[in-house]
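Here, each number is a calculation from the coordinates, and none is a lab measurement. What you see is a predicted model; the values in this text were computed from it and never measured. Glycine also receives a Cβ, built like all others from the backbone with ideal geometry; neighbour counts cover every protein chain displayed.
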Amino acid sequence: MASRAIFLDRDGTLVWPREYPSTPDELLLYEGIGAELHALQQHGFRLVVVTNQSGVAHGYFTVEALAQMHHHLARELAGFNVHLDGIYFCPHHPEGVVPEFRRHCECRKPQPGMLLAAAADLAVDLSGSWMVGDILDDIEAGKRAGCRTVLIDLGSEPAPSSSLRRPDFVVTRTVEALRLIRAIEACGPPIQHRYWPARWNHAPEQKGYSAPSSGEPASGRHPRAHALAGSALPGENGVGTGFNLFEHDGEEAR
Ligand SMILES: [Mg+2]
Ligand SMILES: [Zn+2]
């Protein structure tokens, strides 16, 4: 039977962002995400890290050093009873200095190669899966693979230039992304969600998540959560637009 997955970017998504971390102690997990990941795993989601590591192609660190980092990451998460189902990395870069890794490839995000490989390896239903990342290349990779997407907005990304790069949801912290997914997947409490980057200065044209109006579950999943496009909901700081996510019990919410 096909499983579903949460695909997770590594740097800036699971761990604090820094430039080309190359040793295990440079990977520092965000607070609070262990319990959320555990809950999602208990609900049946596979947890798969998909990470661009062009530092290998650039000669900043080796594949062996990367393996040590990932061993450490897996062990840190195991401390929260979270067991990664896979860590996929792309070591390539077209302008790398290490000949073996200097090339265009299908695995470097925004290409979806790592997600597709994991889906094949783990029999993952991509349309029932999620991609969480902190840049729009993560979002595009997720969308190209057919997943729903959540952007962790760390402030780096311009307004999406195409629908392939437009996230279904935007939050400011990974723990919020995981709580949002749990709410939508009915394995966590309902939440209010109303964030959209003010600097993108337009409301999402498309609802992030639409519960079917009939109240029938979509693809076998019950629409517990329902997102409405907001015309001009005030954001946390009184600016920007967003949308509400609230419990949907099969009747019009308003
Ligand atoms: Mg990242
Ligand atoms: Zn690659």
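Brief remarks on what is shown
- Applying 0.36 nm per residue to the separation of SER161 and LEU28 and subtracting their alpha-carbon distance, the gain on full extension is 44.7 nm.
- Each Lys or Arg adds one and each Asp or Glu subtracts one; over the other residues with Cβ under 14 Å from the Cβ of PRO24, this totals -2.
- In plain terms, the chain from ALA65 to HIS104 could stretch by 11.8 nm, reckoned as 0.36 nm per residue minus the Cα-Cα distance.
- Highest mean first, the peptides 107-114, 19-26, 190-197, 177-184 sorted by other C-beta atoms within 10 Å per residue fall in the order 177-184, 107-114, 190-197, 19-26.
- Here the extension length gained between THR172 and ARG75 equals 32.3 nm, from 0.36 nm per residue of separation less the Cα-Cα distance.
- Projected area, mean over directions - segment 1-47, Cα convex hull, nm²: 3.9
- Around the amide H of HIS92, modelled in the peptide plane, lie the amide H atoms of GLN53, all under 5 Å away and 5 or more residues distant in sequence or on another chain.
- Computed packing ranks the peptides 150-156, 134-140 as 134-140, 150-156, most packed first, by mean other Cβ atoms within 10 Å.
- Within segment 66-106, the GluC sites (Glu not before Pro) that combine a DSSP coil assignment with at most 15 other C-beta atoms in a 10 angstrom radius are GLU95, GLU106.
- Two-decimal log10 I(q)/I(0) for segment 4-189, as the Debye equation yields it once each C-alpha is a single scatterer, q = 0.18, 0.19, 0.20 Å⁻¹: -1.24, -1.40, -1.54
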